[in-house]
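The structure appears right after this line, and notes come after that.
FYI, it's all coordinate maths here, none of it is from the lab. Since the model is a prediction, treat every value here as computed from it, not as a measurement. Neighbour counts run over all protein chains shown; Cβ positions are idealised from the backbone, glycine included.
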Amino acid sequence: MRSAVLLIYTGGTIGMKTDAATGALVPFDFNHIYEEFPALRELDVDIEILPFEPIDSSNASPELWVRLAEIIARYYDSFDGFVVLHGTDTMSYTSSALSFMLHNLDKPVVFTGSQIPIGVLRTDGRENLITAIEIAAAKDAKGRAEVPEVSLYFQNRLFRANRTTKWSAEELNAFASRNYPPLAEVGVNIQYNQKYVRRPKAGAEFGICTSLVSDVAVIKIFPGLTESVFRAMLSSGVRGVVLETYGAGNAPTKEWFLGALREAICRGVCVMNVTQCADGEVNMDIYETGVALQEIGVISGRDMTTEAATAKMMYVLATESGPKRIAAKLKKNLCGEIGG
Ligand code: ASP
């Protein structure tokens with residue numbers, strides 16, 4: 001039986017084409033995708049298109065995440081899979097957030113986009129779009145979805161979305177998942193790496209969570225950070241902080257730095273430590289600079305990306321109460337975003 005896929009278009013470079021009169025890049029009407037891109041008809045998939053008013057993903061926000069979760073929930077029973085076309089700049093944030101907001105997912109939700117507009121001859125969007133649809137529609141021999149996860153497809157590789165980062169503004173191979181292997185690799189055939197794919201517990205019912213607390217700050221430390229600037233970043237109103245530290249989770253041991261963090265944690269602010277490095281993980285046991293953070297109650301984000309840690313902080317603050325329970329949930333592997 002043919003699979004049915006809902007294609008949700010939110011904006012970004014993939015939806016642009018060159019205006020013949022002016023030569024400028026303009027968004028094209030996704031309702032006319034088949035005219036732009038007749039090869040789509042050749043796929044053995046029923047595709048329905050749901051275009052949003054296109055945005056550059058620099059303007060994406062938790063409101064967009066909630067809207068996507070609600071749409072996927074509304075159409076969950078009518079489709080075998082979902083493809084979300086999204087600007088590349090914040091695709092890892094949106095897709096990470098969806099991985100926390102969609103519970104017991106047993107259908108693929110594949111995010112993709114492109115570095116070159118789809119209406120430009122040398123586009124990477126065509127391959128990304130076609131393969132993302134194929135993956136969203138793919139079933140194994142038992143008729144189950146091959147990858148029932150929120151994933152991100154780009155340049156021949158399918159990643160677990162909450163493990164990705166946009167690492168290149170130039171290369172077509174724009175996304176990396178340094179701490180987790182690809183879920184599928186695409187050459188002549190699509191090779192699924194089933195041993196890395198997560199599946200929901202048998203019988204668990206799909207549901208969504210649309211509560212998020214966005215009073216969260218991402219603070220990247222750097223040599224020269226001053227006390228007044230750091231205190232301003234931790235000022236009232238912030239409920240969660242993703243602290244991007246050096247190497248294996250190290251930060252200054254200066255008293256003003258630790259004091260400001262300690263005060264924030266005593267006020268109830270949750271602080272989670274992730275590394276500025278592209279791969280590897282936070283281990284606050286190794287150096288004095290990490291041990292000091294652990295002692296004042298900073299939570300290890302281990303090998304989580306900043307994108308996943310930010311979305312997880314917003315999700316956990318909205319769904320758990322009390323510092324102990326919040327810390328326990330932040331440390332827990334909720335949907336494959338953290339090792340172990
Ligand atoms: N600025 C664009 C966006 O993120 C870039 C892209 O789509 O690649 O919407």
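Laid out as a table, the results:
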| quantity | calculated |
| --- | --- |
| The stretch 172-273: relative contact order in percent, alpha carbon pairs under 8 Å with at least 6 residues between | 22 percent |
| Entries in K166/K332; K17/K312; K17/K166; K17/K331; K142/K331; K107/K332 that, when Cα-Cα distance is taken, lie over 32 Å | K17/K312; K17/K331; K142/K331 |
| Contact order normalised by residue count of the stretch 15-135, Cα under 8 Å, 6+ apart, percent | 26 percent |
| Residue-by-residue Karplus 3J(HN,Hα) for the stretch 60-73, coefficients 6.51, -1.76, 1.60, Hz, glycine and proline x | 5, 8, x, 4, 5, 4, 5, 4, 5, 4, 5, 5, 4, 5 |
| Helix 255-266 vs. the chain, principal-axis angle (Cα, 0 to 90°, nearest 10) | 70 degrees |
| GluC sites (Glu not before Pro) restricted to the stretch 204-275 and DSSP loop, no more than 13 other C-beta within 10 Å | E205 |
| Highest-fluctuation residue, N193, N59, N156 considered, GNM on the chain with Cα pairs under 10 Å | N59 |
| Percent RCO, i.e. relative contact order, over the chain, from Cα pairs under 8 Å lying at least 6 residues apart | 15 percent |
| Alpha-carbon centroids, the stretch 238-268 and the stretch 143-214: separation in whole Å | 31 Å |
| Two-site FRET efficiency, S214 against T253, from Cβ-Cβ distance with R₀ of 25 Å, rounded to 0.05 | 0.20 |
| DSSP-assigned coil residues among trypsin sites (Lys or Arg not before Pro) in the stretch 114-153, each with at most 13 further Cβ atoms within 10 Å | R122, K142, R144 |
| Estimated FRET transfer efficiency when R0 is 35 angstrom, pair V26-L172 (beta carbons, to 0.05) | 0.95 |
| Filtered chymotrypsin sites (Phe, Trp or Tyr not before Pro), the stretch 33-108: DSSP coil and at most 15 other beta carbons within 10 Å | Y75 |
